[in-house]
Amino acid sequence: MAESFAVKLEEKRYYPDPRCRATAWTPDYTRAYSEFLRDPEGFWDRIARDLDWFEPWDRVREWNYPYAKWFVNGKLNITTSCLDRHVAGGRKDKPAIVWHGESGEKRILSYEALHREVMRFANGLSSLGVNKGDRVCIYMPLVPEQVVAMLACARIGAVHSVVFGGFGPDALAMRINDAEAKVLVTADVGYRRGKTVPLRKLASEALAQTPGVEKVVVLRRETPGVELDPDREVDYADLVARAAPDCPAEAMDSEDPLFILYTSGSTGAPKGIVHTCGGYAVGTYYTTRHVFDVKENDVYWCTADTGWITGHSYIVYGPLEVGTTVVLAEGTPDYPDPGAYWQLVQDLGVTIFYTAPTAIRMFMRYGDEWPAKYNLSTLRVLGSVGEPLNPEAFEWYYRAIGGGRCPIVDTWWQTETGMHMITTMVGEPMKPGFAGKPIPGAVVDVVDRTGKPVPPGTGGFLVVREPWPAMLRTVHGNDERYCTYWKTIPGCYTAGDLAVKDEDGYVMIIGRADDLIVVAGHNIGTAEVESALVSHDAVAEAAVIGKPDPLKGNVIKAFVTLRVGVNSGDGLTDDLARHVRKSLGPVAVPAEFEFMDRLPKTRSGKIMRRVLKARELGMDPGDISTLEE
Ligand code: ATP
Ligand code: MG
């Protein structure tokens, strides 16, 4: 691991409209944070009371390093907070899910309809022999039934393991076997870019390697419906039609597992992260309401797939706990054209929009004219997650999408954290390039390898000092790996990211610890060099790696994709080198450039630097099961 190091910080700020702050759920960040610090258990206790519990907790938190329990001995079922209480409490007819299929299909499920579907499917799963604690794998396209399947598992206390529908048979088989799933829920097909993705066929290939799976539920979307294998397969619609309508919610202990979910695999083999019922419910509820500042009439759209943690926490659980209207859209951002998302924002009157830097950079690449064709005036809050939001991308998002009016919440968190940990709360001044400050509820710090905080302007390891409710409880089947998170830097949860704080306590993520580049004794995070490159007019995206060099230890190599209409001739590399020198100084200047049509990314849209590095150095890239095709 590297020592701490100096980082150049930008000074720019954006001030939100004062009205944002006046009406925000957290109107005064500083006060909320100090209230939290004064009495962390009291803080979480008050929030947890907003949810439905069968039995209250004896203690808010039990910390037996590195193991935490939250809401000890509390009994709940997350689905009653997501569904029953809204049905009973006046949101019965409110749209819970507004779904748009890629082929133009539309469906709206009210809270009452969603509740009904979930209970029926839950009974259907029970009739297949699924019991509390059993694992169910969900491998589906982005359709309402995917959400229904997750909630149905939770209803009966089964543990879901959702596998993104873009994965192939081997990745699916690995996850089914690792989680020891007994039932698989899938669909005949998904639709992507006008083509069908044969999920059932892919699943059948995976099932040849998964002896533990007893039954497969197949949602049939195509007509005429495919013929099913009567021994193993069950039709989704039949199962639901035969099932009894009422399904009481299983009383779960706070610490019972809710789901297993695999990380993106950006830096190595994916890890099966285990989340539990109580703390996760509280953490996602609170952050959804306070970070996105959700109000009763909002129309909320998170463009992630439900197969990622962002989808679990901020499409399904958090937004439904809050009782908002959730937009669900199958398909890709630039299909049938790069205006597809903005059309939907306009048509549905989306007010809160949450996406990833990879999508924002893609839209930038297509230019302002696409969003300019649509009326985006309903937008109120914009969010970003997944990778550092480069300052250039922040400014474009703020201006071209938000009309200079919407706060941007750049949320730093992980599969492991389960909930947002760092952001700029709505109403606070925003600084492009910085995710923001720890949210009230999270104790985040930047430290050296001994756990000592580093001064502002100095890079170090991003850690969490105190347990938080939605934290992972273990890595499925590998508790040792879990302990590593807490033992690498004594007493702290090590996130694996490098960061720097400024004088005001704003945190900037400067890269993955694994990707740090040491050039002539200087530590260089990947993000600052990449952001410097992206701020050049010709550049759409950039990824940098270190290459061993006899003189300097390492030199930087940059992989660059260009904006539409730009080509790589005419001294562009010299110009890019000059541009980086000007913004970061000579040590950060890449020694080599390579222009590419696209960068290798995980299926969740994150740049995979290790793949570039392995290719460059002729090494084995390791586990590439999550690499996009
Ligand atoms: P793996 O752990 O398997 O290598 P991964 O870390 O990409 O994969 P995720 O849990 O999906 O898996 O992603 C979490 C990581 O994404 C964070 O550790 C961080 O590096 C990055 N990230 C998420 N949000 C932000 C953000 N707002 N700013 C900067 N980086 C972010
Ligand atoms: Mg990770």
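The values are calculated or read from the model by the stated rules, or taken from the named source; none is laboratory data. If you're wondering where the values come from, they're calculated on a predicted model, not measured in any experiment. Cβ atoms come from the backbone with ideal geometry, glycine included; neighbour counts cover every protein chain shown. For the accessible areas, the whole protein counts, side chains as well, though only heavy atoms, and no ligand, DNA or RNA atoms are used. Shrake-Rupley method; radii C 1.70, N 1.55, O 1.52, S 1.80 Å.
Annotations
- Estimated FRET transfer efficiency when R0 is 30 angstrom, pair ALA269-VAL587 (beta carbons, to 0.05): 0.40
- Cα gyration tensor shape of segment 535-584, rounded if a/c is under 1.5, else prolate or oblate by comparing a/b with b/c: prolate
- With eigenvalues of the C-alpha gyration tensor scaled by 5 and rooted, segment 565-619, Å: 23, 15, 12
- Averaging 1/r over each pair of different alpha-carbon atoms in segment 182-305 and inverting the result gives 18.4 Å, the Kirkwood hydrodynamic radius.
- Working value for the chain: equivalent-ellipsoid semi-axes of 37, 28, 25 Å, each the square root of 5 times a Cα gyration tensor eigenvalue, largest first.
- Rounded tilt (10° steps) of 29-38 against the dominant C-alpha axis of the chain: 70 degrees
- Applying 1/(1 + (r/R0)^6) with R0 = 25 Å to the Cβ-Cβ distance of LYS92 and THR223 gives a FRET efficiency near 0.20.
- Taking the square roots of 5 times each eigenvalue of the Cα gyration tensor of segment 321-394, largest first, gives ellipsoid semi-axes of 19, 16, 12 Å.
- Between segment 519-537 and segment 468-511, the alpha-carbon center distance in angstrom: 23 Å
- Of the trypsin sites (Lys or Arg not before Pro) found in segment 157-198, those that fall in a DSSP loop while having at most 16 other beta-carbon atoms within 10 Å are ARG193.
- Of all accessible heavy-atom area on the chain, the percent that carbon and sulfur account for (1.4 Å): 50 percent
- Spin-label pair ASP246/THR30, simplified geometry with 7 Å Cα→Cβ offset, distance in nm: 5.5 nm
- Whole-number percent relative contact order across the chain, with pairs defined as alpha carbons under 8 Å at least 6 apart: 14 percent
- Cβ-Cβ FRET estimate between ALA237 and ASN375, R0 fixed at 30 Å, reported to 0.05: 0.20
- Gyration tensor (alpha-carbon) shape descriptor, segment 493-616, a/c threshold 1.5: rounded
- Relative to the longest principal axis of the Cα atoms of the chain, helix 111-127 runs at roughly 70 degrees.
- Taking 31 Å as the limit for the C-alpha separation, the pairs LYS69/LYS132; LYS195/LYS606; LYS215/LYS613 exceed it in the case of LYS215/LYS613.
- For segment 516-617, accessible area per residue (1.4 Å probe, heavy atoms of protein chains only), Å²: 42 Å²
- The distance between label points at ASP570 and THR484 comes to 4.9 nm (points 7 Å beyond Cα on the Cα→Cβ vector).
- Part-to-part distance (alpha-carbon centres) for segment 117-176 and segment 181-205, which is given in Å: 13 Å
- Couplings for segment 280-291, taken from phi via the Karplus curve 6.51 cos²θ - 1.76 cosθ + 1.60 with θ = phi - 60°, read 5, 4, 5, x, 6, 4, 4, 5, 4, 5, 7, 6 Hz in order; Gly and Pro are left as x.
- Ranked packing of 120-126, 58-64, most packed first, by mean Cβ within 10 Å: 120-126, 58-64
- Between the C-alpha center of segment 332-363 and that of segment 400-426 there is a gap of 17 Å.
- Amide H to amide H, with H built 1.01 Å from N, THR474 comes under 5 Å of VAL274, counting only residues 5 or more places away or on other chains.
- Total charge dipole magnitude, the chain, about the Cα centre, Cβ charges on Lys, Arg, Asp, Glu only, Debye to nearest 20: 580 debye
- Three-way shape call for segment 374-451 based on the alpha-carbon gyration tensor, with the a/c threshold at 1.5: prolate
- At a probe radius of 1.4 angstrom, the accessible area of segment 58-119 per residue rounds to 44 square angstrom.
- Computed extension length for MET619-TYR14: 213.4 nm, one decimal, from 0.36 nm per residue of separation with the Cα-Cα distance subtracted.
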